[in-house]
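Provided herewith is a single structure, encoded as structure tokens, for subsequent inquiry.
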Amino acid sequence: MARRRAFDKQDVERQGLFRKSGLFWQGRSPRAMFRRAVFLVMIALASATFFVKFALIRDLERLEELDSRREVKEGDPSSYIVTIRVDEVRKHPVKNILDPGLWMQQIDEGRYYKCFKRTQNDIRNVTETNGYIQVHANGGLNQMKIGISDMVAIAKIMNATLVLPSLDSSSFWTDRSDFKDIFNWRHFMDVLQDDVAIVEELPPHLKSLTPLRKPPISWSKPSYYRNVMLPLLRQNKVIKFTHSDSRLANNGIAGWIQRLRCRAMYEALRFSEPIEDLANTLIARLRRDDEPYVALHLRYEKDMLAFTGCSHGLTTHEAEELQRMRYRVKHWKVKEIDAKMRRRRGECPMTPRETAVLLEALGFPPSTRIYIVAGKIYGQNGTRDLREKFPNLHDHASLATEEELRRFEGRQNQLAALDYLIALESNVFVYTYDGNMAKAVQGHRKFEGFRKTISPSKRKFVRLMDGLDSGNITWDEFSKKVKSIHSNLTGLPSMRQPRNAGRLEENFYANPFPGCICDKLDEQARQERR
């Protein structure tokens, strides 16, 4: 306190307040002048203390407001309110957040809620079936997961019995895991028992029957399944759908179908206990010391690069290897691809270096914990460029022990399920290519309260990146523009917009709003118009 007073006195002296010639001090004795100076300094300190206290109170009130959660009365017809996480810190307390804006999602508290519960009219009340549907779920894990959810709804539309799906084992990963290896199949059947009949296998009297093999038309409306497929089912008793991906339209279908799709996707298709147990263990390790983490879907993998024809950041030899692979895969229709043009249009997976620069420009510090949600990164440099900027890099191989991973050896779809859960629970999810996993995870995060998900504007970003590399823009300008471009690309609520072509529409599972998420303000407006 003595040193503070000395400092204050020196400061007063520097401002000339002790000058006898000043009007304020005129005619005063030195002792009176000193008392007056001490009085003024104390007034100044009291004022400063008041303003600091007021600012702290405002900040605390704001944090309490963000942290509050709306209570829901029992019997609310809108079901339960979505836990809108204005900050992920609520569920997973974290420390050492220097910039809360990086981790926190600003959303109107309590405005949005889950509305996917079945109504009384949705409950299955018939015991007869029009036949049995077998499903071959094609593609990787997330493509299969999305397809199976659609097939649950299709079985309901056709009043058919669904046989537990078989999974694709001939894709790039050649994983021979079956449905029961990846999913909690009993839970799947229990959750959906009031919606659709599900059996483990065909009844004995139909096992010798050769099913009608049929790939349903993509993006079909329910009328297609009622008018075209249902007569075939009644005639043949068993239909085997050889493809399950994108077989149901995103929009323009009844609300009960959309709700059922969400029940299947987000409630029924729970992963098996070994997968969920290890995921919880790895999440706990990532959150060591209560630190947040970013889940990064770095889709710079060999199969995706070969399919898209993207080769930015690769050697000539690597680009040629990808081209040879593309020609070997018969069902990839496009063979000749202009890689530079595709990148300029924002249609390429971001490279590890581009991803590192994006995260740095957005303000993530070098100490940020990043979990890679992907398979092996292609190219001789691998993740080197990313690791140089963000050394705190992890994946399931680095977090889990050899013993823990032994049962998943060669089971890429099970490892993808592990990554899915870790991405779902991350503080921030970032994806570098809008593939099936990106769609599934971002949609699930929206369903769980619009958790922060960064969706890079690749077309704009690569132009800025090229400008930075050529010296046409400074780092400060670059970072400012990157932050501005992505300020609203964080998974905030936005309604899915229908388009003329299903393939061009926003995928239902990438954004189940509307359908399974509702807006209280919209409901209030509709009630006021009545």
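The values are calculated or read from the model by the stated rules, or taken from the named source; none is laboratory data. Predicted model, so just to flag it, every value in this text is computed and none were measured. Cβ: placed from backbone, ideal geometry, glycine included. Neighbour counts: every protein chain shown. Side chains are part of the model used for accessible areas, which takes the heavy atoms of the whole protein and leaves out ligands, DNA and RNA. Shrake-Rupley method; radii C 1.70, N 1.55, O 1.52, S 1.80 Å.
Pick from the range 234-265 the residues that are open to solvent by 30 Å² or more (accessible area, probe 1.4 Å) and not in a loop (DSSP other than H, G, I, E, B): which of them is nearest to E128 (Cα to Cα)?
So, considering only residues that are open to solvent by 30 Å² or more (accessible area, probe 1.4 Å) and not in a loop (DSSP other than H, G, I, E, B), the one nearest to E128 (Cα to Cα) is R234.
Then there is this: Let me confirm something: among T355, T316, which residue is polar (S, T, N, Q) and touching a residue at least 60 places away in the same chain (Cβ under 8 Å)?
Step by step, each of T355, T316 is checked, and only T355 is polar (S, T, N, Q) and touching a residue at least 60 places away in the same chain (Cβ under 8 Å).
List pairs: first residue in the range 331-344 and without any contact (Cβ under 8 Å) to a residue 24 or more places away in the chain, second residue open to solvent by 70 Å² or more (accessible area, probe 1.4 Å) and of a type in the set (S, T, Y) anywhere in the structure, Cβ distance under 6 angstrom, at least six positions apart or on different chains.
K335/Y327
Please work out which residue is nearest to the chain's Cα centre (by Cα), limiting yourself to the range 221-233 and to residues that are surrounded by fewer than 16 Cβ atoms within 10 Å (Cβ to Cβ) and of a type in the set (A, V, I, L, M).
So the residue we want is V228.
Limited to the range 328-347, what total is found for residues that are more than 30 Å from the chain's Cα centre (by Cα) and surrounded by 15 or more Cβ atoms within 10 Å (Cβ to Cβ)?
Summing the residues that are more than 30 Å from the chain's Cα centre (by Cα) and surrounded by 15 or more Cβ atoms within 10 Å (Cβ to Cβ) in the range 328-347 gives 0.
Note down all Cβ pairs under 8 Å where the first residue falls in the range 505-524 and is farther than 19 Å from W256 by Cα and among the aliphatic types (A, V, I, L, M), the second is open to solvent by 10 Å² or more (accessible area, probe 1.4 Å) and outside any strand (DSSP E or B), and they're at least six residues apart or on different chains.
L521/R111
Could you check the range 123-162 and list, in sequence order, the residues that are open to solvent by 10 Å² or more (accessible area, probe 1.4 Å), within 23 Å of R411 (Cα to Cα) and of a type in the set (A, V, I, L, M)?
Listed by number, the list holds a single entry, I146.
Checking S79 against (1) in contact with an Asp or Glu (Cβ under 9 Å, 6 or more places away or on another chain); (2) modelled with pLDDT under 55; (3) on the phi > 0 side of the Ramachandran plot: exactly one of these is not met. Which one?
Evaluating S79 over (1) in contact with an Asp or Glu (Cβ under 9 Å, 6 or more places away or on another chain); (2) modelled with pLDDT under 55; (3) on the phi > 0 side of the Ramachandran plot leaves (1) as the failure.
Looking at this structure, is R503 of a type outside the set (A, V, I, L, M, F, W, C) and within 23 Å of the chain's Cα centre (by Cα)?
yes
Also: Tell me which residues, restricted to the range 400-418, are more than 14 Å from D277 (Cα to Cα) and within 23 Å of the chain's Cα centre (by Cα).
Q412, N413, A416
Would you please name the residue that is surrounded by the most Cβ atoms within 10 Å (Cβ to Cβ), looking only at residues in the range 102-112 that are at negative phi and either in contact with a Cys (Cβ under 6 Å, 6 or more places away or on another chain) or assigned to a loop (DSSP other than H, G, I, E, B) (or both)?
Q105
Another question, then. Working only within the range 166-220, note down all residues that are without any contact (Cβ under 8 Å) to a residue 60 or more places away in the chain, surrounded by 17 or more Cβ atoms within 10 Å (Cβ to Cβ) and in a loop (DSSP other than H, G, I, E, B).
Selection gives D168, S171, S220.
Scan the range 373-386 residue by residue and report those that are surrounded by 15 or more Cβ atoms within 10 Å (Cβ to Cβ) and part of a helix (DSSP H, G or I). I'd like the intermediate steps shown before the answer.
Going through the range 373-386, the residues surrounded by 15 or more Cβ atoms within 10 Å (Cβ to Cβ) turn out to be 373-375, 377-379, 381, 383, 385-386.
Answer for the range 373-386, where residues must be surrounded by 15 or more Cβ atoms within 10 Å (Cβ to Cβ) and part of a helix (DSSP H, G or I): D385, L386.
Would you check which residues across the range 109-127 are out of contact with any Lys or Arg (no Cβ under 8 Å at 6 or more places or on another chain) and touching a residue at least 12 places away in the same chain (Cβ under 8 Å) and list them? Before you say what the answer is, go through the steps one by one.
First pass over the range 109-127, keeping only residues out of contact with any Lys or Arg (no Cβ under 8 Å at 6 or more places or on another chain): 114, 119-121, 123, 125-127.
Answer for the range 109-127, where residues must be out of contact with any Lys or Arg (no Cβ under 8 Å at 6 or more places or on another chain) and touching a residue at least 12 places away in the same chain (Cβ under 8 Å): K114, T119, N121, I123, V126.
I've got another one for you. Being farther than 22 Å from A284 by Cβ, acidic (D, E) and over 15 Å from the mean Cα position of the chain (by Cα), is that true of even one residue in the range 427-434? Lay out the reasoning, then the answer.
Of the residues in the range 427-434, the ones farther than 22 Å from A284 by Cβ are 431-434.
This time we only want the ones that are acidic (D, E), so: 434.
Subset that is over 15 Å from the mean Cα position of the chain (by Cα): none.
No, there is no match, as no residue in the range 427-434 is farther than 22 Å from A284 by Cβ, acidic (D, E) and over 15 Å from the mean Cα position of the chain (by Cα).
Let me ask another. Cβ contacts < 8 Å: first residue more than 16 Å from H394 (Cα to Cα), restricted to the range 411-437; second residue assigned to a loop (DSSP other than H, G, I, E, B) and hydrophobic (A, V, I, L, M, F, W, C), any location; separation 6+ or different chain. Result?
Q412/W173; N413/W173; Q414/F408; T432/L298; T432/M350; Y433/C348; Y433/M350; M437/V373
From the residues in the range 393-451 that are of a type in the set (S, T, Y) and assigned to a helix (DSSP H, G or I), which one is most open to solvent (accessible area, probe 1.4 Å)? Even if it seems obvious, please write down each step before you answer.
First, the residues of the range 393-451 that are of a type in the set (S, T, Y): 398, 401, 420, 426, 431-433.
Now drop any that are not assigned to a helix (DSSP H, G or I), which leaves 398, 420.
Values: S398: 71, Y420: 3 Å².
The qualifying residue most open to solvent (accessible area, probe 1.4 Å) is S398.
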